[in-house]
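The values are calculated or read from the model by the stated rules, or taken from the named source; none is laboratory data. Predicted, not measured: the structure shown is a model, and the values here were computed from it. Reconstructed Cβ throughout: ideal geometry from the backbone, glycine too, with neighbour counts over all protein chains shown. All accessible areas refer to the heavy atoms of the entire protein, side chains included, with ligands and DNA or RNA removed. Shrake-Rupley method; radii C 1.70, N 1.55, O 1.52, S 1.80 Å.
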Amino acid sequence: MKKAALHNLGCKVNAYETEAMQQRLRESGYTIVPFAEEADVYIINTCTVTNIADRKSRQMLHRAKKRNPNAIVVAAGCYVQTAKEICEADESVDIIIGNNRKKDIIQILEEFQAKKKKTDTVIDINHTAEYEDMPVTQMENHTRAYIKIQDGCNQFCTYCVIPYARGRVRSREKESIKVEVQNLAKAGFKEIVLTGIHLSSYGIDREETGALLSLMEQLHKIAGIERIRLGSLEPKIITREFVERISSLPKICPHFHLSLQSGSDTVLKRMNRRYTSAEYEEGCQILRKYYKNPAITTDIITGFPGETEEEFQETYAFAKRIAFFDMHIFKYSRREGTKAAWMEHQIPEQIKTERSDQLLLLAEKLSEEYRKWFIGQEMEILIEETETIEGEEYQVGHTSEYIKVAVKARENLCGRIIKVYLKEIMLEKHEILYGELLS
């Protein structure tokens, strides 16, 4: 029996596609082994969001070939899509699979084994309207399932290479999504996370108004699913009508990731982000009107070309005022082929790091303040795993706001939603609250 090992780099969409490829391999008779072990086939689902992601992708490809020189090494995904020539010249790589061809992994492997010749299946991703449907019926995590509903992006932010790697917006058929969610519910999953490259664009390729809202309302009716979480959203989707409708659906988690990137309007304009800081703030106010202290999280880029100290301070003050639960801080990474790469006044790495460090400290403080607000309250958590913390064993899960909670329990509660009393911050460095089980 042949052995296959997979390694995923990058976003939740990539992780979903890796699960789908793994499922197809298993169904075709492959034994799935850890990537650190010797295998007959190594598949690296690559990422290209930053220069570091490119480098990690190359490193993992070379590591696989070094581990077993006789193995078939497959480079798949976004790095492949944007660096096809480099992958073709790389002797560590046997098969190159671009985006929209991962569903054909078994057929591609069989063709390679028949020909014993380097195989290239990269299509022109910018000129396809086909959504690559590759449903998943089983996942490594048995409590929370990620559901890919959309691919591609039409935004063309000036710093981002992803539209070139993923192509234009393509939406998955609602019926296909519903069937997958029903099957996952039967398999015991309690929570689903809707994800995509630009989730807010779901349905625009079919000129379908309110498609994401309509989908959520349909998924809300599926028995067995108790939580529906949304992936990253474009800020302008948060309107009064949108929030009014989703707040009437109790399964929708009050956890919203609204990508900000900068709190300075002049920087947002240079980024081509298509909203102002005032519009973003209004969205947060709407969420807080309809939900009691919802978790609002975000991404911020520091050191974008031309970012002055004044513009950075605008971002810092804005983030502090919004009081995010969590902030993912990224230092601007210059990407060839994007408009920002050729902008004047590129920021020195030292200044990027200094600004990033300031925001990271703020993020830590805001996150702690948000978690403290829940101490003394009764909340429901979905138990996901057992974890050893400071030598003691706890069962760990998350609230619907995605606050991590640890409890002591005699029986295994994994996969169950239980009610707890949130008592205290358990370990600040682990960002965990300690909860006591309620009968």
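Among the criteria (1) touching a strand residue (DSSP E or B) at 6+ places or on another chain (Cβ under 6 Å); (2) of a type outside the set (Ser, Thr, Tyr); (3) outside any strand (DSSP E or B), the one Ile96 does not fulfil is (3).
Exactly one residue out of Leu382, Leu422 is touching a Gly at 6+ places or on another chain (Cβ under 7 Å), crowded, with 18+ Cβ neighbours inside 10 Å and closer than 23 Å to Met327 by Cβ: that is Leu422.
Among the residues of the stretch 302-311, are any in contact (Cβ under 8 Å) with a residue 24 or more places away in the chain, in a loop (DSSP other than H, G, I, E, B) and surrounded by fewer than 21 Cβ atoms within 10 Å (Cβ to Cβ)? There is at least one residue in the stretch 302-311 that is in contact (Cβ under 8 Å) with a residue 24 or more places away in the chain, in a loop (DSSP other than H, G, I, E, B) and surrounded by fewer than 21 Cβ atoms within 10 Å (Cβ to Cβ).
Counting just the residues of the stretch 31-64 that are assigned to a strand (DSSP E or B) and touching a residue at least 60 places away in the same chain (Cβ under 8 Å), which one comes out nearest to the chain's Cα centre (by Cα)?
Filtering the stretch 31-64 for residues that are assigned to a strand (DSSP E or B) and touching a residue at least 60 places away in the same chain (Cβ under 8 Å), the one nearest to the chain's Cα centre (by Cα) comes out as Ile43.
Kindly establish whether Lys339 is surrounded by 15 or more Cβ atoms within 10 Å (Cβ to Cβ) and in contact (Cβ under 8 Å) with a residue 60 or more places away in the chain. It is true that Lys339 is surrounded by 15 or more Cβ atoms within 10 Å (Cβ to Cβ) and in contact (Cβ under 8 Å) with a residue 60 or more places away in the chain.
Taking the condition of being in a helix (DSSP H, G or I), touching an Asp or Glu at 6+ places or on another chain (Cβ under 9 Å) and not basic (Lys, Arg), how many residues in the stretch 312-333 meet it? Within the stretch 312-333, residues that are in a helix (DSSP H, G or I), touching an Asp or Glu at 6+ places or on another chain (Cβ under 9 Å) and not basic (Lys, Arg) number 4. Scan the stretch 166-204 residue by residue and report those that are outside any loop (DSSP other than H, G, I, E, B), among the acidic types (Asp, Glu) and either surrounded by fewer than 18 Cβ atoms within 10 Å (Cβ to Cβ) or touching a Cys at 6+ places or on another chain (Cβ under 7 Å) (or both). Across the stretch 166-204, the qualifying residue is only Glu175.
So that you can scan it fast, the table gives a plain yes or no per residue for (1) open to solvent by 20 Å² or more (accessible area, probe 1.4 Å); (2) at pLDDT 90 or above:
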residue	(1), (2)
Ser28	yes, yes
Tyr42	no, yes
Ala53	no, yes
Gly77	no, yes
Ala83	no, yes
Lys117	yes, no
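Report whether or not Glu17 is in contact with a Lys or Arg (Cβ under 8 Å, 6 or more places away or on another chain) and assigned to a loop (DSSP other than H, G, I, E, B). No; evaluated as a whole, the condition is false for this residue. In this structure, Lys3 does not qualify as surrounded by fewer than 19 Cβ atoms within 10 Å (Cβ to Cβ) and touching a Cys at 6+ places or on another chain (Cβ under 9 Å).
Listed here are the residues, each with its yes/no results for (1) in a loop (DSSP other than H, G, I, E, B); (2) among the hydroxyl-bearing types (Ser, Thr, Tyr); (3) without any contact (Cβ under 8 Å) to a residue 24 or more places away in the chain; (4) within 23 Å of Gly231 (Cα to Cα).
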{"residue": "Ile351", "(1), (2), (3), (4)": "no, no, no, no"}
{"residue": "Asp357", "(1), (2), (3), (4)": "no, no, yes, no"}
{"residue": "Arg371", "(1), (2), (3), (4)": "no, no, no, yes"}
{"residue": "Ile383", "(1), (2), (3), (4)": "no, no, no, yes"}
{"residue": "Glu401", "(1), (2), (3), (4)": "yes, no, no, yes"}
{"residue": "Ile418", "(1), (2), (3), (4)": "no, no, no, no"}
{"residue": "Tyr421", "(1), (2), (3), (4)": "no, yes, no, no"}
{"residue": "Ile425", "(1), (2), (3), (4)": "no, no, no, no"}
